[in-house]
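Worksheet for the structure shown next.
The values are calculated or read from the model by the stated rules, or taken from the named source; none is laboratory data. The structure presented is a predicted model; accordingly, all values stated were derived computationally and were not measured. We place every Cβ from the backbone using ideal geometry, glycine too, and count neighbours over all the protein chains shown. Note: areas computed on protein heavy atoms with side chains; ligands, DNA, RNA excluded. Shrake-Rupley method; radii C 1.70, N 1.55, O 1.52, S 1.80 Å.
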Amino acid sequence: MALISLHIGLRCTEYIYREAGKDILEMAKPLVFVTRVPPPQGMKLIEDSCTTRAMREDRFITREEMLEGVVGVEGILCHPPDKVDKVVLDAAGPSLKGVSTMSVGLEHIDLTECRKRGISVGYTPNVLTDATAETTVSLLLATSRRLKEAFSAVVDGGWGSWENGLYLCGKTLLESTVGIVGLGRIGLAIAKRLQPFGVKKLLYSGNSRKEWEEEVGAEFVSFERLLQESDFVIACCSINKENVGLFNKSAFSKMKKSAIFINTSRGVLVHQDDLYDALKSGTIMAAGLDVTSPEPLPRDHPLHSLKNCVITPHIGSATVYARNAMADLAARNLIAGLKGEVLPSPVPQ
Ligand code: DGY
């Protein structure tokens, strides 16, 4: 048996030549563009059903590469921040049937335009909730317990001073008020994980009251009240046009001087110059960011110079378990979209 692959333009068709009956079995596999190769089990699912054109280098794809890569494809597997907007959809052309993003965030996809063109869109909520909640708690503890300074002290010779017993002392969650901006799936999972630390009060703000608030005894309050009363302010809401820059000078000025701000949502939620000023001037105590704008944050960005700012490289969902589950779901969304079937996890209409 011989396998001959013929590339006709941008479409790739596989022909299997069978010696026995001299029959030719033609199997046309849909062509898909993969902007960043997912973990192996997800990639295998895709490769089993599709011909793939994939970005295999370990870096973010450029806009030019995106526009070139999508030409003539039937499916796109993407991640934030790979923009799938009108221009990309036009570049792909009428063959495009499905877009699948390996993320819960959808801000990089023009959903309205996809809907108009009858292109299915799938995403990967739920499977990353626990991992993201763990990252948020880790970042909160790293920030409140000053781990950035502690790690540096070990290698920089700062280890050993006692300073009246207050050496590298941080802030405790015990008896604290925690404010969660966005009590969605991830917000709820964070709240559940923080409760055992002895949190006294849980506040949350957002567009609407959530029926699951009772699960964690959280109180729905205005954004202003949350800022004023919280010892820890955690942003884990989804991003939209209204909340870009929500955490600005005015927001930081309403927070307690001893407050700690954590962001595992999106970098654009924060006005970063205002955050720098707030941290530098002591308007707030510290910040922990898993997301920045842009990503990666340039190495010479002023936020890196602050010992009270802990930054991680957008690792919210970075557990092997979560990433495999995301890849699997994203692959199944993609394949279902190409077949015109109901997606396992379609974006809400
Ligand atoms: C998500 O799933 O949206 C994560 O932030 C990864 O980008």
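Descriptive notes on the structure:
- Note on the stretch 108-117: residues that are within 16 Å of the ligand (Cβ to nearest atom), open to solvent by less than 20 Å² (accessible area, probe 1.4 Å) and among the hydrophobic types (A, V, I, L, M, F, W, C) total 1.
- Residue satisfying all of: in the stretch 123-141; of a type in the set (A, V, I, L, M, F, W, C) and away from the ligand (no atom under 13 Å from the Cβ); nearest to residue 230 (Cα to Cα) among these: 140
- Residue count for the stretch 247-287, restricted to those that are closer than 22 Å to residue 81 by Cα and touching a residue at least 60 places away in the same chain (Cβ under 8 Å): 4
- Any hit, the stretch 272-289, residues being buried (at least 21 other Cβ atoms within 10 Å of the Cβ) and under 16 Å from the mean Cα position of the chain (by Cα): yes
- Hey, residue 347 among the aliphatic types (A, V, I, L, M) and within 13 Å of the ligand (Cβ to nearest atom) or not: yes
- Among all residues of the stretch 240-248, there is at least one that is within 16 Å of the ligand (Cβ to nearest atom) and under 15 Å from the mean Cα position of the chain (by Cα).
- Any pair with Cβ under 6 angstrom, 6 or more apart, that starts in the stretch 64-77 at a residue that is in contact (Cβ under 8 Å) with a residue 12 or more places away in the chain and open to solvent by 30 Å² or more (accessible area, probe 1.4 Å) and ends at one that is assigned to a loop (DSSP other than H, G, I, E, B) and not basic (Lys, Arg): 71/10
- Qualifying position, being away from the ligand (no atom under 16 Å from the Cβ), open to solvent by less than 60 Å² (accessible area, probe 1.4 Å) and free of Cβ contacts under 8 Å to residues at least 24 places away in the same chain, among 120, 161, 144: 161
- Looking across the stretch 258-271 at every residue that is closer than 22 Å to residue 150 by Cβ and more than 16 Å from the ligand (Cβ to nearest atom), the one that is most open to solvent (accessible area, probe 1.4 Å) is identified as 258.
- Per the listing 128, 89, the residue uniquely within 30 Å of residue 310 (Cβ to Cβ) and either touching a Lys or Arg at 6+ places or on another chain (Cβ under 9 Å) or open to solvent by less than 20 Å² (accessible area, probe 1.4 Å) (or both) is 128.
- Selection of first residues in the stretch 193-204 that are under 12 Å from residue 137 (Cα atoms) and of second residues that are assigned to a helix (DSSP H, G or I) and open to solvent by 80 Å² or more (accessible area, probe 1.4 Å), restricted to Cβ pairs under 8 Å at least 6 apart or on distinct chains, gives the following pairs, ordered by first then second residue: 193/134.
- Qualifying position, being assigned to a loop (DSSP other than H, G, I, E, B) and at negative phi, among 174, 168: 174
- Output for the stretch 90-107, where each listed residue is over 24 Å from residue 43 (Cβ atoms) and more than 15 Å from the ligand (Cβ to nearest atom): 90, 93, 94
- Being of a type in the set (Gly, Ala, Ser), open to solvent by 30 Å² or more (accessible area, probe 1.4 Å) and assigned by TED's automatic domain parsing to the domain that holds residue 171 is a property that does not hold for residue 230.
- Single residue of the stretch 297-327 satisfying the filter (away from the ligand (no atom under 16 Å from the Cβ) and open to solvent by 40 Å² or more (accessible area, probe 1.4 Å)) that is nearest to residue 145 (Cα to Cα): 307
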